[in-house]
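**Q** Below are the structure tokens for one structure; questions will follow.
The values are calculated or read from the model by the stated rules, or taken from the named source; none is laboratory data. Being a predicted model, the structure only gives us computed values, none of them experimental. Every residue, glycine among them, receives a Cβ derived from its backbone with ideal geometry; neighbour counts consider all protein chains shown.
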Amino acid sequence: MVPSLFLSKESKMMSTRWIALLGWMALWSAIARAEEREEAIRSRYSKTEVRIPMRDGVELFTSIYTPNTLDAKAVYPILMMRTPYGVGPYGPDRYRNRLAPAESMEKEGYIFVFQDVRGKMMSQGVFENMRPHLEAKQAGQIDESSDTFDTIEWLVRHVPRNNGRVGMWGISYPGFYTAAGAIDSHPALQAISPQAPIADWFFDDFHRNGAFVLPMAFQFFASFGKSRPEPSVQSPQGLPQTTRDGYQFFLDLGPLSNVDRKYFQESIDFWNAMEAHPNYDDFWKARNILPHLKNIRCASLVVGGWYDTEDLYGPLAIYDAIEKANPGISNHLVMGPWYHGQWSRDEGRKLGEADFGFPTSTWYQEQVIAPFFAQHLKEQTVSVAIPEATVFETGANRWRRMERWPPEQVERQEWFFGAEGAMVREAPNDPPSTSSQDRFVSDPAKPVPYTMEITTRWARDYVTEDQRFAAWRPDVLVYRSDAAEKSWTIAGPIEVDLWVASTQSDADWIVKLIDEYPGAPQDGTGEPGKIPETFPSGRQELVRAGVLRGRFREGFDRAVAMVPEEPTRVRFALSDVLHTVRPGHRMMIQVQSTWFPFIDRNPQKFVSSIFLAKEEDFVRATHSLLRSASHPSKIRLPVLQDSAGGW
């Protein structure tokens, strides 16, 4: 393909038209497919709408789809989703075009239930974001666990031909409701599948280690955050879009203190709450579901995506919390090569620039999720036992079955930041000096972009994007290992341990782990001296990235300023990976202090709350990464023992 840089104006216009045409064709194909599924569901199911009373008298709107067979002896399990996004379409004669986490389950016979959670859409009551769980409820007190319990109790008593066994599932926010609903499980609840579940909004969705995820929070609360005085079938509308260039839009927005003045006018309650609670205080701790995942007496299958830009922390943390607090239950984890909810939206063969070689979502639906619910809700024997962890190995493009996650059979290798951009295994032995540090200027007026995609939303595919656009910038430090001699695999969380300094009093520290492809294939393919056009020559494939807002280096509950030019230790973890690096590839680490607009700009001048920062607080700073014997910067990689030593 000819690079667009060298196309004529007419050719570029034609290329743009073809892209637009392909987009419309895909859209029409999706619409046609949805219509086909709706008709299939309409032919198999009868729909009713009910209002289920909770213990405090509030009624929750619920849609029920029951198999329309005339066999009075046939009984079916109930599979339920609770959601804040609406159970529409509303009306007993209007049908959804999807009922189950796997299409085959719609043909096998379940009673499917969808419920508007308290205070949303057609349900009564008051909605509360990430409603805190109450460990010891008094008479009349409610939380998401009690609403789920009361719903299940009503369903098993009132829905005809149910077999007394109930399951729950949901993606994203409905994944949170699934996990919360399993606390103090109702006796009829036999299986849950929290998928991309929210666990803690100081680490999920709108924050990463306290750093604010600007486009996600802004776009989400611009619509979802609006109050709903009375039950309604109408979803709130977002803000009008004035540009597709999110980088420029959020740069022009200026400090976060401008959001209310320019757009929200104090109308978004949860945005106001985020402004009022910039640190990890009791407000956020109360909304952390992890400490409360107890008394779960049903089987669990937690599902997540390695490339989920919204909720990667949640599934890993919720699986781990359920495992530790509920010994003896059947608890499983699935992590696939997916964006947020991709396993339920397309076949999972590709994501952005990554191609996994086969339909990973289809495999998961047929081999994991459908058998899981059949086993626990229909008491069917599965042909292959579902392992503790079913995890996709990127780089090698294959599924792996493991006895636990993270695996225990790892060697924790230390890699040090060395001179001249090298990543080495040997610890530095030189005393501190100007030659044992790398410096760069960070300018909030010209932050490093996190993606090359032009969008006002968060770029879904940035996690597979070639990172050369960042490596070319002077405000990004780049370190490389030698080329791998054989394949080896990183499995688990990655520990970052940096010594840094700054001329200012605050900074963000972003670390990216990258798999750098060789300039030419290492397997002898292609003609000598010629790189095949299909080979991603020199590609810098993002494997994992993370950030720590420097003010939280001593804990998330309080902000602490950096002392200018004083060596400061910064430690945090990058989320888990399962990635194999092939022969000829190099490990690359990029270090930077802006990642915009995915992470909002740190003023770099310490302020009590970044939500209150003013224009004049945003200042240039010179940051240093130290790498001397007394201040060694390093990362720790969990390397599978059967693959250790490849670099």
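**Q** Scan the stretch 91-128 residue by residue and report those that are in contact (Cβ under 8 Å) with a residue 40 or more places away in the chain and β-branched (Val, Ile, Thr).
**A** Those that are in contact (Cβ under 8 Å) with a residue 40 or more places away in the chain and β-branched (Val, Ile, Thr): Ile111, Val113, Val117.
**Q** Another question, then. Could you give me the residue pairs with C-beta distances under 9 Å whose first residue belongs to the stretch 522-537 and is more than 24 Å from Gln467 (Cβ to Cβ), whose second residue is at pLDDT 65 or above wherever it lies, and which are 6+ apart or on separate chains?
**A** Thr525/Pro532; Thr525/Phe535; Gly526/Ala520; Gly526/Pro532; Gly526/Phe535; Gly529/Ala520; Lys530/Ala520
**Q** Could you please find all residues in the stretch 85-135 being within 17 Å of Phe176 (Cβ to Cβ), part of a strand (DSSP E or B) and not aromatic (Phe, Trp, Tyr)?
**A** Gln115, Asp116
**Q** While we're on this one: Step by step: first the residues of the stretch 476-505, then only those that are aromatic (Phe, Trp, Tyr) and modelled with pLDDT of 95 or more, then the one that is nearest to Met423 (Cα to Cα). Which residue is that?
**A** Of everything passing the filter in the stretch 476-505, Tyr479 is nearest to Met423 (Cα to Cα).
**Q** Would the stretch 455-473 turn up any residue that is touching a helix residue (DSSP H, G or I) at 6+ places or on another chain (Cβ under 7 Å), in a loop (DSSP other than H, G, I, E, B), assigned by TED's automatic domain parsing to the domain that holds Arg549 and β-branched (Val, Ile, Thr)? Please lay out each step first, then the result.
**A** Going residue by residue through the stretch 455-473, those that are touching a helix residue (DSSP H, G or I) at 6+ places or on another chain (Cβ under 7 Å) are 455-458.
Of the ones still in play, those that are also in a loop (DSSP other than H, G, I, E, B) are 455-458.
Keeping just the survivors that are assigned by TED's automatic domain parsing to the domain that holds Arg549 gives 455-458.
When the remaining residues are screened for being β-branched (Val, Ile, Thr), the result is 455-456.
Yes; the residues of the stretch 455-473 include at least one that is touching a helix residue (DSSP H, G or I) at 6+ places or on another chain (Cβ under 7 Å), in a loop (DSSP other than H, G, I, E, B), assigned by TED's automatic domain parsing to the domain that holds Arg549 and β-branched (Val, Ile, Thr).
**Q** A further question on this structure: Within the stretch 426-443, track down each residue that is small (Gly, Ala, Ser), outside any helix (DSSP H, G or I) and either modelled with pLDDT under 90 or within 21 Å of Ala621 (Cβ to Cβ) (or both). Before you say what the answer is, go through the steps one by one.
**A** Step one: filter the stretch 426-443 for residues small (Gly, Ala, Ser), giving 427, 433, 435-436, 442.
Now drop any that are not outside any helix (DSSP H, G or I), which leaves 427, 433, 442.
If the condition is that a residue be small (Gly, Ala, Ser), outside any helix (DSSP H, G or I) and either modelled with pLDDT under 90 or within 21 Å of Ala621 (Cβ to Cβ) (or both), then Ser433, Ser442 are the ones that fit.
**Q** Any residue in the stretch 171-195 that's at negative phi: show its pairings with residues that are among the basic types (Lys, Arg) and surrounded by 23 or more Cβ atoms within 10 Å (Cβ to Cβ) at Cβ separation under 7 Å, as long as the two are six or more apart or on different chains.
**A** Pairs that qualify, where the first residue is at negative phi and the partner is among the basic types (Lys, Arg) and surrounded by 23 or more Cβ atoms within 10 Å (Cβ to Cβ), are Pro174/Arg82; Tyr177/Arg82; Gly181/Arg82.
**Q** Which residues, counting only those in the stretch 340-379, are more than 29 Å from Glu465 (Cβ to Cβ) and of a type outside the set (A, V, I, L, M)?
**A** Correct list: Glu366, Gln367, Pro371, Phe372, Phe373, Gln375, His376, Lys378, Glu379.
**Q** Just one of Glu366, Glu408, Glu347 is assigned to a loop (DSSP other than H, G, I, E, B), under 27 Å from the mean Cα position of the chain (by Cα) and either at pLDDT 95 or above or surrounded by 19 or more Cβ atoms within 10 Å (Cβ to Cβ) (or both); which is it?
**A** Glu347
**Q** Condition first: in contact (Cβ under 8 Å) with a residue 24 or more places away in the chain, of a type in the set (Lys, Arg) and crowded, with 19+ Cβ neighbours inside 10 Å. Can you find one or more residues in the stretch 151-166 that meet it?
**A** Scanning the stretch 151-166, I find at least one residue that is in contact (Cβ under 8 Å) with a residue 24 or more places away in the chain, of a type in the set (Lys, Arg) and crowded, with 19+ Cβ neighbours inside 10 Å, so the answer is yes.
**Q** Evaluate the stretch 241-260: report whether one residue or more is under 28 Å from Tyr90 (Cβ atoms) and not assigned by TED's automatic domain parsing to the domain that holds Val117.
**A** Let us first name the residues in the stretch 241-260 that are under 28 Å from Tyr90 (Cβ atoms), namely 241.
When the remaining residues are screened for being not assigned by TED's automatic domain parsing to the domain that holds Val117, the result is 241.
Within the stretch 241-260, one or more residues are under 28 Å from Tyr90 (Cβ atoms) and not assigned by TED's automatic domain parsing to the domain that holds Val117.
**Q** Looking at the stretch 255-278, which of the residues that are among the hydrophobic types (A, V, I, L, M, F, W, C) and not in a loop (DSSP other than H, G, I, E, B) is surrounded by the most Cβ atoms within 10 Å (Cβ to Cβ)?
**A** Narrowing the stretch 255-278 to residues among the hydrophobic types (A, V, I, L, M, F, W, C): 256, 259, 264, 268, 270-271, 273-274, 276.
The next check asks that each one be not in a loop (DSSP other than H, G, I, E, B); those that pass are 259, 264, 270-271, 273-274, 276.
Numbers: Val259: 21, Phe264: 18, Phe270: 17, Trp271: 23, Ala273: 14, Met274: 21, Ala276: 11.
That would be Trp271.
**Q** Being closer than 30 Å to Lys73 by Cα and crowded, with 21+ Cβ neighbours inside 10 Å is the requirement here; does Leu214 meet it? Walk me through how you get there before you give the answer.
**A** Working: closer than 30 Å to Lys73 by Cα: no; crowded, with 21+ Cβ neighbours inside 10 Å: yes.
For Leu214, the condition - closer than 30 Å to Lys73 by Cα and crowded, with 21+ Cβ neighbours inside 10 Å - is not met.
**Q** Turning to a different aspect of this structure: On the basis of being more than 21 Å from the chain's Cα centre (by Cα), surrounded by 15 or more Cβ atoms within 10 Å (Cβ to Cβ) and among the hydrophobic types (A, V, I, L, M, F, W, C), does Ile531 make the cut? Let's see the steps before the verdict.
**A** Working: more than 21 Å from the chain's Cα centre (by Cα): yes; surrounded by 15 or more Cβ atoms within 10 Å (Cβ to Cβ): yes; among the hydrophobic types (A, V, I, L, M, F, W, C): yes.
Spelling it out, Ile531 is indeed more than 21 Å from the chain's Cα centre (by Cα), surrounded by 15 or more Cβ atoms within 10 Å (Cβ to Cβ) and among the hydrophobic types (A, V, I, L, M, F, W, C).
**Q** Conditions first: (1) over 27 Å from Glu465 (Cβ atoms); (2) over 20 Å from the mean Cα position of the chain (by Cα); (3) surrounded by 17 or more Cβ atoms within 10 Å (Cβ to Cβ). Ala286 passes all but one, so which condition is the exception?
**A** Here Ala286 clears every test but (3).
**Q** Further question on the same structure: Starting from residues that are surrounded by fewer than 19 Cβ atoms within 10 Å (Cβ to Cβ) and either without any contact (Cβ under 8 Å) to a residue 60 or more places away in the chain or among the aliphatic types (A, V, I, L, M) (or both), keep the ones in the stretch 449-470 and report whichever is farthest from Ala222 (Cα to Cα).
**A** Checked the stretch 449-470; the qualifying residue farthest from Ala222 (Cα to Cα) is Phe469.
Yes or no, residue by residue, for (1) assigned by TED's automatic domain parsing to the domain that holds Leu333; (2) assigned to a strand (DSSP E or B); (3) of a type outside the set (Ser, Thr, Tyr); (4) closer than 25 Å to Asp282 by Cβ:
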{"position": "Val543", "(1), (2), (3), (4)": "no, yes, yes, no"}
{"position": "Gly555", "(1), (2), (3), (4)": "no, no, yes, yes"}
{"position": "Asp576", "(1), (2), (3), (4)": "no, yes, yes, no"}
{"position": "Thr580", "(1), (2), (3), (4)": "no, yes, no, no"}
{"position": "Gly584", "(1), (2), (3), (4)": "no, no, yes, no"}
{"position": "Met588", "(1), (2), (3), (4)": "no, yes, yes, no"}
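**Q** Please go through the stretch 398-429 and pick out each residue that is touching a residue at least 60 places away in the same chain (Cβ under 8 Å) and either at positive phi or small (Gly, Ala, Ser) (or both).
**A** Correct list: Gly418, Ala419, Ala427.
**Q** For the stretch 591-644: of the residues being in contact (Cβ under 8 Å) with a residue 24 or more places away in the chain and assigned to a helix (DSSP H, G or I), which is surrounded by the most Cβ atoms within 10 Å (Cβ to Cβ)?
**A** The extreme case among them is Ile610.
**Q** For Glu565, indicate whether it is in the same structural domain as Pro493 (by TED's automatic domain parsing) and free of Cβ contacts under 8 Å to residues at least 24 places away in the same chain. Before the answer, list the steps.
**A** Working: in the same structural domain as Pro493 (by TED's automatic domain parsing): yes; free of Cβ contacts under 8 Å to residues at least 24 places away in the same chain: no.
So Glu565 fails the test.
**Q** Still on this model: When the residues of the stretch 534-578 are narrowed to those that are of a type in the set (Lys, Arg) and either over 18 Å from Ala317 (Cα atoms) or loosely packed, with under 14 Cβ neighbours inside 10 Å (or both), which ends up nearest to the chain's Cα centre (by Cα)? Break it down into steps so the answer makes sense when it comes.
**A** Of the residues in the stretch 534-578, the ones of a type in the set (Lys, Arg) are 539, 544, 549, 551, 553, 558, 569, 571.
From what is left, the residues that are either over 18 Å from Ala317 (Cα atoms) or loosely packed, with under 14 Cβ neighbours inside 10 Å (or both) are 539, 549, 551, 553, 558, 569, 571.
Details: Arg539: 24, Arg549: 19, Arg551: 24, Arg553: 23, Arg558: 25, Arg569: 27, Arg571: 22 Å.
Taking the candidates together, the pick is Arg549.
**Q** Against the definition (among the charged types (D, E, K, R), surrounded by 21 or more Cβ atoms within 10 Å (Cβ to Cβ) and modelled with pLDDT of 95 or more), how does Asp200 come out, yes or no?
**A** On the way: among the charged types (D, E, K, R): yes; surrounded by 21 or more Cβ atoms within 10 Å (Cβ to Cβ): yes; modelled with pLDDT of 95 or more: yes.
Yes; evaluated as a whole, the condition is true for this residue.
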